[in-house]
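The values are calculated or read from the model by the stated rules, or taken from the named source; none is laboratory data. None of these values were measured; they are calculated from a predicted model. So basically every Cβ, Gly included, is an ideal-geometry build from the backbone, and we count neighbours across all protein chains shown. Calculation scope for accessible area: heavy atoms of the full protein, side chains included, ligands and nucleic acids excluded. Shrake-Rupley method; radii C 1.70, N 1.55, O 1.52, S 1.80 Å.
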Protein chains: 2
Amino acid sequence: MQKVINPPKNEWEKLSKRPLKDFNSLSKIVNEIFDDIKRNKDEAVLRYTRLFDKAEITTLQLSEEEYNRASDEIPEELKNAIKLASRNIEKFHLSQKEDSKICETSKGVYCWRESRPIEKVGIYIPGGSAPLFSTIMMLGIPAKIAGCKEIIMCTPPDKNGEINPIMVYTAKTIGIKSIFKVGGIQAIGALALGTEAIPKVDKIFGPGNQFVTAAKLIAQNYGIAIDMPAGPSEVLVIADSSSNPEFIAADLLSQAEHGEDSQVILLSDDERIIDEVIESIKNQLSDLPRKDTAIAALKESKAIMLNSIEECFEFSNIYAPEHLIIASDNAKSYLSIIENAGSVFIGNYSCESAGDYASGTNHTLPTNGFAKNYSGVSLDSFVKKITFQEVTKEGIMNIGPSIEFMAEAEQLAAHKKAVSVRLKKINEK
Amino acid sequence: MQKVINPPKNEWEKLSKRPLKDFNSLSKIVNEIFDDIKRNKDEAVLRYTRLFDKAEITTLQLSEEEYNRASDEIPEELKNAIKLASRNIEKFHLSQKEDSKICETSKGVYCWRESRPIEKVGIYIPGGSAPLFSTIMMLGIPAKIAGCKEIIMCTPPDKNGEINPIMVYTAKTIGIKSIFKVGGIQAIGALALGTEAIPKVDKIFGPGNQFVTAAKLIAQNYGIAIDMPAGPSEVLVIADSSSNPEFIAADLLSQAEHGEDSQVILLSDDERIIDEVIESIKNQLSDLPRKDTAIAALKESKAIMLNSIEECFEFSNIYAPEHLIIASDNAKSYLSIIENAGSVFIGNYSCESAGDYASGTNHTLPTNGFAKNYSGVSLDSFVKKITFQEVTKEGIMNIGPSIEFMAEAEQLAAHKKAVSVRLKKINEK
């Protein structure tokens, strides 16, 4: 970890910069694969799966037999853990349901909003060495609560053409039935364009590497919505003298083990805390299985000493972290000054892992500074809010003349007339 | 208007297709202009303004003198109309404020969301023959309610280098102070990249032609959020025998006068209504100033007779209209079967013009079928919802062991350890 002492404010913006990813350079390969899928559908998808995932499969959809068998292989303790986490995620996302409030804006003019589910959603779950079943909960549970009719899950198969049974089990407990063995650009292409086997969806969710992100960005050109552009995961910890350096070291390492490009930042007004955290990281690193990844990530990460905790929050608002941990007994007193963050962890016992798995909040969050302009995934992400208005006769009499003046000023005579014909009819009676 | 009688269901999808816009073909010119703005900033923006808007200006920002003078030139009646509309828009968008509800997911685990304003927002208002001040209200008022710190408005100047005083007046009443005389790709580029005069923003809002839309799509590659991809405006009217053909004709014409590419659809289970609407359109067209535009739009538009009102809603859900008018005395009984629409107008006196200007709902809505996966602009569009979690000692004791099992199953040992060090500390005491 690089230790930085009291950097001048005009350097904060620069210290907050993440390495730039150039997605434009990937657009050529994405467009090529998309065009291929448009023409050759399943055949193209299977071909790319052989090429990129080295999996010799002939059927993209997970078979019923594979689907049914999954539960047998999961230890009971893990099943119970998934049950607890699912229940908490369900509770919190259910609490995000909004009642529609009717607002009478002028006498006789009633306006309100109602939520409707997005009909078809695609959920992308990355592959790799570990089965990321937690993301299935984070995307599948709110999709179910929202009432999405079709939930299509794509995840790359391993070299044997299989999907880890924990993934299948988790999908089953949520009620996701359509699971496809496909990853990378070809998965996003299939969801955006539709093939014989894989339905075209209205919105695509889920994390992924730079190829997946580039593909999601380009899917938008085909009228598909996406949850958000994804980047490497990040944590920023603000620690004061009441924090516990061992806890903080563990939190920073839990971010660093994600990938070599993970972003890890520690801010404090107390140099002792910074030194003790750095020391504790060294101790904890020794027996970490993903040690090499963590060391690489930590090389680029920074521990910054600032003049006050207030300055730490000022810096954090510029950085706009995906995860913000406030490691302080006074954490709650700072919440109102937080402007930009994906998810906030309050106090010394709120570790990021809690939000990653089981507190109930969503772990699909804006990275790379996008916390300035994007929210994390929530129930809202799976619905549209439709506005409704009922303008009664009394209502149009109240607001009609104003509409006529404004339509005329905008030189839209037919807009005016739509009001005039109604007012005339009312006055005739 | 093309009259279509009982088309078979397998043709509905095709009947719902809008003409395809290929934004990829515009990306070259957009990227060129963006690169130029990146290098030459204001100089480039002024150069494109001379080239495209034929306006010889040397300063991009509206002067204080122009800003102050605007109110003098507006008729009192129009000022009052703007006041009434603003009040209704304010009321409805204020009603969208959400109280944060704290949800205790497990004993000692508290989760909630809080809204924070997006700090810097850009509001694009198209130019052209008419001053579209209503869009300034629709974007500026929720931005103010949300608490956005900087609201940057861009709109192209006329050939004399001026902005219509109604536009300036409307911006003033809302409290928008930063107004720039710039339109088209160069406006979006300046907002996305920042120049000497024009600040870089976090999110860009507002309608525009295909160049503006292409520029907004590409702005996303620079980390800028956008409200939604915009396309030509649309209305779909569902009419039964209780509807008024003269009203419907006026509503269809108010959409058709927007532009030659405006989408206008009438659905009914009653052929008499269809014929009377077509007849009434002919009558009303004669004295319409934007007659030629409306005629061109109507050439591509369709009046479709279906077997029942339920079928009309089924078709409408496939079409996913920006504006849906239910011209029926029974309108309210159908609301629950609406799945996809931007804004819904209920009953014979709820004309689209009402929502365009003054009912209080937002008129920035998803077009081109995007009502399937996007909501219209609302207060939500100007905020991020940050999740917060407070995991107490009791809380981590309750959910900690489950997190440990799941982190282990995902092969993330440091995630597990972040919990373990805390549980150990609690047990030591």
For residue A:427 and residue B:2, what is the calculated FRET efficiency with R₀ set at 30 Å and r taken between the beta-carbons, to the nearest 0.05?
-> 0.30
Buried accessible area between A and B, both sides, 1.4 Å probe, in Å² rounded to 100, is 10800 Å²
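Using the Cβ atoms and a cut-off under 14 Å, what net charge is assigned to the surroundings of residue A:351, where Lys and Arg are +1 and Asp and Glu are -1? List each step's numbers first, then the result.
Numbers: positive: B:393, B:416, B:417, B:422, B:424, B:425; negative: A:246, A:251, A:257, A:352, A:356, B:390, B:404.
My count for the surroundings of residue A:351 gives -1.
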Taking the label point 7 Å from Cα along the Cα-Cβ vector, the copy-to-copy distances for residue A:279, listed from shortest in nm with one decimal, are 9.4
In whole Hz, with x marking every Gly and Pro, tabulate ³J(HN,Hα) for the stretch B:401-412 from phi via Karplus 6.51 cos²θ - 1.76 cosθ + 1.60, θ = phi - 60°.
-> x, 5, 4, 4, 4, 6, 4, 5, 5, 8, 6, 10
Once the Cα atoms of helix A:184-193 and of chain A are each reduced to a long axis, what angle between those two axes, in degrees from 0 to 90 to the nearest 10, is obtained?
-> 10 degrees
Computed, not fitted: 222 nm per-residue ellipticity of chain A from DSSP H runs ≥ 4 (each -39500 (n - 2.57)), nearest 500, equal to -13500 deg cm²/dmol
Dipole of chain A, Cα-centred, from +1 at each Lys and Arg C-beta and -1 at each Asp and Glu C-beta, to the nearest 20 debye?
-> 2040 debye
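Any idea what the dipole of the stretch B:1-91 comes to, in debye rounded to 20, about its Cα centre with Lys/Arg Cβ at +1 and Asp/Glu Cβ at -1?
820 debye
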Over chain A, what is the percentage of antiparallel beta bridges among all DSSP beta bridges, to the nearest 5?
-> 25 percent
Residue A:25 accessible area, nearest 10 Å², 1.4 Å probe?
-> 80 Å²
Could you work out the mean count of beta carbons from other protein chains within 10 Å of each residue's beta carbon in A:90-97?
-> 5
Counting only protein heavy atoms and rolling a 1.4 Å probe, one gets per residue an accessible area for chain A in Å² of 37 Å²
Other-chain or far-sequence residues with amide H under 5 Å of residue B:328's (modelled H) = B:347, B:348
Carbon and sulfur atoms account, in whole percent of the 1.4 Å probe accessible area of chain A, for 48 percent
If one computes the Cα centroid of the stretch A:164-228 and of the stretch B:88-122, what distance in Å separates the two points?
-> 29 Å
Cβ-based net charge around residue B:210, under 12 Å, with every Lys or Arg adding one and every Asp or Glu removing one | 0
Under Karplus coefficients 6.51, -1.76 and 1.60, residue-wise ³J(HN,Hα) of the stretch A:358-365 in Hz, glycine/proline x | 9, 5, x, 6, 7, 9, 8, 10
Cβ neighbours within 10 Å from other chains - mean over B:99-108 | 4
Taking the Cβ of residue B:320 as the centre, find all other residues whose Cβ is under 15 Å away and add up their charges (Lys, Arg: +1; Asp, Glu: -1).
-> +4
Computed over chain A: longest principal axis from alpha-carbon atoms vs helix A:413-428 long axis, angle to nearest 10 degrees, is 50 degrees
Once phi for every residue in the stretch A:24-39 is put through the Karplus expression 6.51 cos²θ - 1.76 cosθ + 1.60 (θ = phi - 60°), the whole-Hz ³J(HN,Hα) values, with Gly and Pro written as x, are 4, 5, 8, 5, 5, 5, 4, 4, 4, 5, 4, 4, 4, 5, 4, 7
